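Written out below as structure tokens is the structure these notes cover.
All of the numbers you see were taken from the coordinates with simple rules; none came from a lab. Here the structure is a predicted model, which means the values were calculated and not measured. Methodologically, a virtual Cβ is constructed for each residue, glycine included, from the backbone with ideal geometry; neighbour enumeration extends over all protein chains shown.
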There are 2 protein chains.
Amino acid sequence: MPVGTQGTVKAVTKDQLLETKPQIILGNTYHLYLRPGVEVLSYFGGLHKFMNWEKPILTDSGGFQVFSLAQGKNKGGKHKAEVILTEEGVKFKSHLDGSWHFFTPELVVEVQEIIGSDIMMPLDVCPPYPVSHTTAKDAVEKTIRWLKRSKETKKNNWQALFGIVQGSVYEDLRKESALKTVELEMDGYSIGGLSVGEPAEEMYAMTEVVVEILPQDKPRYLMGVGTPENIVESVDRGIDMFDCVMPTRNARNGTLFTTFGRVNIKAAKHKFSEDPVDPECDCYTCRNFSRGYLRHLFNAEEITGMTLATIHNLRFYNRLMEKIREAIKENRFQSFKKEFYSKYKS
Amino acid sequence: MPVGTQGTVKAVTKDQLLETKPQIILGNTYHLYLRPGVEVLSYFGGLHKFMNWEKPILTDSGGFQVFSLAQGKNKGGKHKAEVILTEEGVKFKSHLDGSWHFFTPELVVEVQEIIGSDIMMPLDVCPPYPVSHTTAKDAVEKTIRWLKRSKETKKNNWQALFGIVQGSVYEDLRKESALKTVELEMDGYSIGGLSVGEPAEEMYAMTEVVVEILPQDKPRYLMGVGTPENIVESVDRGIDMFDCVMPTRNARNGTLFTTFGRVNIKAAKHKFSEDPVDPECDCYTCRNFSRGYLRHLFNAEEITGMTLATIHNLRFYNRLMEKIREAIKENRFQSFKKEFYSKYKS
């Protein structure tokens, strides 16, 4: 899922985004609640109409953002973050204007009902990494209690509500969280609290523990992941859905993903290159422009460079998923994975 | 002519630009010479191929940029500008890295032959405004001597070379400059040194003086102009061509041009507006998005907002020119002008 935090995927228009062939995009309840706010979203009849987007939207609950603020990870904010966690919910200061807000599991579902996302995430407790077993256990148990309240709040049949499995890097807690979440018979299952700084091996290990417990006939979503390698490895372990800012954020910094690995398009070696970014790519950027031209746009700090890079990276990720789906359908995922690694170098 | 100083019109891709239906775009010799540089442009076979642009390109000579640097007008530069004007040419320090360069009329034509622009501008002397009669007269006479050298340098028949009329706001100098330029039988005629801070009435008065002398069967180009009103007034006085950063630069600041005047899309009054930017506009932005959504994108500092605004403003300007051409063909320009002012409010 391309990430469209604030009602647009950054640096592209709706039609440029559609051309990269995403199945669904991600929005963020925390950001949309603060700006443009529920009053505007309600007036416009939800996010689909507001941004004129007809394909599905999944909204993250904003739990991750609120707790990230507390850890000082939101560098864009002008206001010092403060977060107070209680059984009832989480009180936090907006990174935009310093105003206080109170998120409860109920409010977060209600906001997502106004947003009108096709898939909603419940408010969860996201501890930092690393974290003690005691704190991680508290987070797991509160997340379950909040999930029950979220489920009871949900009104619309057409909106899906997932559960989020927490438990940091503790196998026993991941198991406990997965079992209790599955008991609540959700529409799908997210794995949260990974890709937050732990080694990739820990992430894969925890994914394996959790996936074993999740029902095979429901979507399994690994939140905030990841690199192309992370995606291939996680699909191999049973994951169906991903979201990550990696393709879009890297694009704006001039890092492009290709069949053969990452390319820093600003590098001097591309100065006279008439080659496309990726010879195997069918995106608008690769069909029309050379590495030399893209390098010039980045060196001249032209916004157009960011746009062309975003189009390419999104198409790279979406094409990777297309190839994965095809390989799975044709029962040849392992040979696909081998071929992927034979070309893609980290 | 949309302005594409550095090898792209800012914040749009080639196809987004084409959808706004420009007849021609403008590039800048000064900027392109410094970055990506003639070596790169030569390697790629010129600017058309480098940026994959098939429609015509006009390149400004860079005279205006070099002399603007001397006046401290280039705020983007990291290096203190220095300019030394001699009969031979103009020596200047790059605003990018402080390196010294020497532009002669010959070099500037040769660079534009490498760029491969369809219409070339000769190196001219652009005095500041206001300027003494003596300095303005020197500029006029040097510009003519340089034009002769430019014409003698030019190799390719398929590339047009215009002359540039100078003379500040002095009627006698404008006449002298126009007469001497016309004597050289150029492919077209530019009026330079206007729209540099003088009152609009002075600009119109000088335009009238010059147009009277210029041949009717050659294109007349008023450089760096201007607002929609400036364009309508100047066409009325006989001008055929314009370039201006106004539509693109204003777009990136959230100022949108409409049939009814300018709109600051960031204003709170658009918060709940489901209207398009301009009900009479056929652009991608107006067909797909509301003022309320655009306001949100600008408030959230999303690049996508700049792109959508640029698309709209370019289409507004190109559509204005379409309507002007149609009115002229149908011999009803005065009634068009009246109708334009009945709606458009400054």
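Convert 4 °C to kelvin, take the viscosity as 1.567 mPa s, use the Kirkwood radius over C-alpha pairs of the protein assembly as shown as Rh, and evaluate the Stokes-Einstein diffusion coefficient in µm²/s, rounded to a whole number.
Numbers: Rh = 28.0 Å.
Stokes-Einstein gives a translational diffusion coefficient of 46 µm²/s.
Averaged over peptide B:293-301, the number of partner chain Cβ atoms lying within 10 Å of each residue's Cβ comes to 5.
What number comes out for the charge environment of residue A:20, summing +1 per Lys or Arg and -1 per Asp or Glu over other residues with Cβ under 14 Å away?
Details: positive: A:10, A:14, A:21, A:55, A:287, A:315, A:319; negative: A:15, A:19, A:278, A:282, A:322.
Here the count lands on +2.
Build a GNM of chain B with springs between Cα atoms under 10 Å apart, and of B:255, B:86, B:227 the one that fluctuates most is B:86. The Cβ shell under 12 Å around residue B:270 holds other residues with a net charge of +3, Lys and Arg each +1, Asp and Glu each -1. Loop-located GluC sites (Glu not before Pro) in segment A:17-77 (DSSP state other than H, G, I, E, B) with a sparse environment of at most 15 neighbouring Cβ atoms within 10 Å: A:54.
Relative to the longest principal axis of the Cα atoms of chain B, helix B:333-343 runs at roughly 50 degrees. When chain B is treated as a Gaussian network with alpha carbon springs shorter than 10 Å, the biggest mean-square fluctuation among B:169, B:109, B:83 belongs to B:83.
Could you give the length gained on full extension between residue A:184 and residue A:216, defined as 0.36 nm per residue of separation minus the Cα-Cα distance, in nm? Intermediate values should be presented prior to the final figure.
Working: separation 32, 0.36 × 32 = 11.52 nm, distance 1.54 nm.
That pair, residue A:184 and residue A:216, stretches by 10.0 nm at full extension.
Between residue A:160 and A:119, A:120, the built amide H atoms are under 5 Å apart, and every one of these is 5 or more places off in sequence or on another chain.
Here the spin labels are modelled as points 7 Å beyond Cα on the Cα-Cβ line, and at residue B:229 and residue B:253 they lie 1.6 nm apart. Computed from backbone phi with θ = phi - 60° and the Karplus coefficients 6.51, -1.76 and 1.60, the 3J(HN,Hα) list for segment B:231-244 is 5, 4, 5, 6, 4, 4, 8, x, 7, 10, 9, 9, 9, 6 Hz; x is used for glycine and proline.
With 10 angstrom as the radius, rank B:223, B:121, A:246 by how many other C-beta atoms surround their C-beta, starting from the fewest.
Values: B:223 25, B:121 30, A:246 22.
Lowest to highest Cβ neighbour count: A:246, B:223, B:121.
Taking the average, over residues, of other Cβ atoms within 10 Å as the packing measure, peptides B:152-158, B:282-288 rank B:282-288, B:152-158 from highest down. Couplings 3J(HN,Hα) for segment B:315-330, derived from phi with the Karplus relation 6.51 cos²θ - 1.76 cosθ + 1.60 (θ = phi - 60°), are 5, 4, 5, 5, 6, 4, 5, 4, 5, 5, 4, 5, 4, 5, 4, 8 Hz, where x marks Gly and Pro. The label-point distance for residue A:42 and residue A:275, in a model that sets each label 7 Å from Cα toward Cβ, rounds to 5.5 nm.
Residue by residue through B:5-15, how many Cβ atoms from other chains fall within 10 Å of the Cβ on average?
Mean number of neighbouring Cβ atoms from other chains: 6.
If you model chain A as an ellipsoid using its alpha carbon gyration tensor, with each semi-axis the square root of five times an eigenvalue, the axes come out at 33, 24, 19 Å, biggest first.
Under a Gaussian network description of chain B, with springs only between Cα atoms under 10 Å, the residue in B:189, B:170, B:43 that fluctuates furthest is B:43. Under a cut-off of 16 Å between alpha-carbon atoms, report the lysines in cross-link reach of residue A:343, not counting same-chain residues fewer than 8 places apart. In chain and number order, the partners are A:323.
Thinking of segment A:1-123 as a set of Cα atoms, what percent of all their pairs are more than 25 Å apart? Don't skip to the answer; put the middle values down first.
Working: 1747 of 7503 pairs.
So the portion of pairs separated by more than 25 Å is 23 percent.
How do B:239, B:191 rank when sorted from fewest to most other Cβ atoms within 10 Å of their own Cβ?
Values: B:239 21, B:191 30.
Ascending number of Cβ neighbours within 10 Å: B:239, B:191.
Contact order, relative form, for segment A:1-137: 24 percent (alpha carbon pairs under 8 Å, 6 or more residues apart, mean separation divided by residue count).
Which order results if B:217, A:124, A:278, B:187 are arranged by neighbouring Cβ count within 10 Å, fewest first? Before the final figure, lay out each step's value.
Numbers: B:217 5, A:124 30, A:278 21, B:187 15.
Exposure proxy ranking, most exposed first: B:217, B:187, A:278, A:124.
Put simply, the amide H of residue A:244, placed in the peptide plane, has neighbours under 5 Å in A:3, leaving out anything fewer than 5 places away on its chain. Each listed q (0.12 Å⁻¹) maps to a log10 I(q)/I(0) for segment A:249-343, found by the Debye formula over equal Cα scatterers with no solvent: -0.39. Can you compute the FRET efficiency between residue B:343 and residue A:148 using 1/(1 + (r/R0)^6), with r the Cβ-Cβ distance and R0 = 51 Å? Round to the nearest 0.05. After rounding, the FRET efficiency stands at 0.30. Here the 3J(HN,Hα) profile of segment A:166-171, calculated from phi with Karplus coefficients 6.51, -1.76 and 1.60 at θ = phi - 60°, is 10, x, 6, 9, 9, 4 Hz, Gly and Pro shown as x.
Take the Cα of residue A:329, step 7 Å toward its Cβ, do the same at residue B:264, and the gap between the two points is 5.3 nm. P(r) tail for segment A:134-243, what percent of Cα pairs lie past 21 Å? Of all Cα-Cα pairs in segment A:134-243, 31 percent lie more than 21 Å apart.
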